[in-house]
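Contents: one structure, followed by commentary.
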Amino acid sequence: MEAAQLQAKALFAAPRTSEGGICARTEAPELWVDFLYMMCPFLIRLGKLTGEQKYIDEAFRQYEIHVKYLVDPHVNLSRHAWCERPNHFPQSTLWARGNGWLIACSVDMLAMAPDHEKSAFVADTCRKALTAMRSFQDRSGFFHHILDDRYSKLEASAALMYAYAARMAVQQKIVGDDFIEGATRAWRVVAGSVQDNGAVPGVAVPPGGPGVPFGTTLFGQGFSCSRLTRFAVN
């Protein structure tokens, strides 16, 4: 608990954008979609454990700010990063794993704090993103590393995140049962690619932008092993 509270203290003291978004790096006022997943579920859980509402409220506030600047309202999908000064998107593609972070963050937040006053916004954002992602799912069950670029490689971590978030969203009644088929295809195609030593191949390595090499990383291993055990059983 002491370590968790120290991490929360560091988050609250971190540089922010003019609207209060916690910056992902100290060098520039930037918001990153992957940081959303690392930050918001953690703050909600800490708030539940300590009974301090400020952590939970900050999690929903950060979600709202990040969505405002990162999610493209024309396609309901997120860009990777937004920089406030100068105002631009350092990585503007529709990064598959980045949108995986968004939808996984959404369902985890709603699982922990379904009655928060801003939970309806999270659910609506999640529904729109899942629906948009589904339209880009490859027949194999994978998603392309850049969602709307069919010439980019098929990527495993995004498929796993989609499988997890879609299944959770069905259970939470955010989306209908028709999402189960695509979630199952995503899970099965990655499960079928696992190597003999347990490694999940086909994952875009950091920093995850266009043109990065593919290999085995914690993003693939984590979502295949710990997060999806219940999915496989059910």
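The values are calculated or read from the model by the stated rules, or taken from the named source; none is laboratory data. Quick caveat: nothing in here was measured; it's all calculated off a predicted structure. Don't worry about glycine lacking a Cβ; one is built from the backbone with ideal geometry, like all the others, and counts go over all protein chains shown.
One residue alone among 96, 163, 111 is within 23 Å of residue 80 (Cβ to Cβ), of a type in the set (Gly, Ala, Ser) and out of contact with any strand residue (DSSP E or B) (no Cβ under 9 Å at 6 or more places or on another chain), and that residue is 163.
Do we have any residue at all in the range 182-191 that's out of contact with any Pro (no Cβ under 6 Å at 6 or more places or on another chain) and in contact (Cβ under 8 Å) with a residue 60 or more places away in the chain? For the range 182-191, residues out of contact with any Pro (no Cβ under 6 Å at 6 or more places or on another chain) and in contact (Cβ under 8 Å) with a residue 60 or more places away in the chain: absent. Kindly establish whether residue 196 is surrounded by fewer than 17 Cβ atoms within 10 Å (Cβ to Cβ), touching a helix residue (DSSP H, G or I) at 6+ places or on another chain (Cβ under 7 Å) and free of Cβ contacts under 8 Å to residues at least 12 places away in the same chain. No; evaluated as a whole, the condition is false for this residue.
Answer yes or no: is there a residue in the range 216-229 that is among the aromatic types (Phe, Trp, Tyr), surrounded by 13 or more Cβ atoms within 10 Å (Cβ to Cβ) and at pLDDT 90 or above. Checking the range 216-229: not a single residue is among the aromatic types (Phe, Trp, Tyr), surrounded by 13 or more Cβ atoms within 10 Å (Cβ to Cβ) and at pLDDT 90 or above. Taking the residues in the range 15-41 that are touching a Ser or Thr at 6+ places or on another chain (Cβ under 8 Å) and in a loop (DSSP other than H, G, I, E, B) as candidates, determine which candidate is surrounded by the fewest Cβ atoms within 10 Å (Cβ to Cβ). It comes out as 15. Only one of the listed residues (51, 47, 20) is over 17 Å from residue 97 (Cβ atoms), free of Cβ contacts under 8 Å to residues at least 12 places away in the same chain and out of contact with any Pro (no Cβ under 9 Å at 6 or more places or on another chain). That residue is 51.
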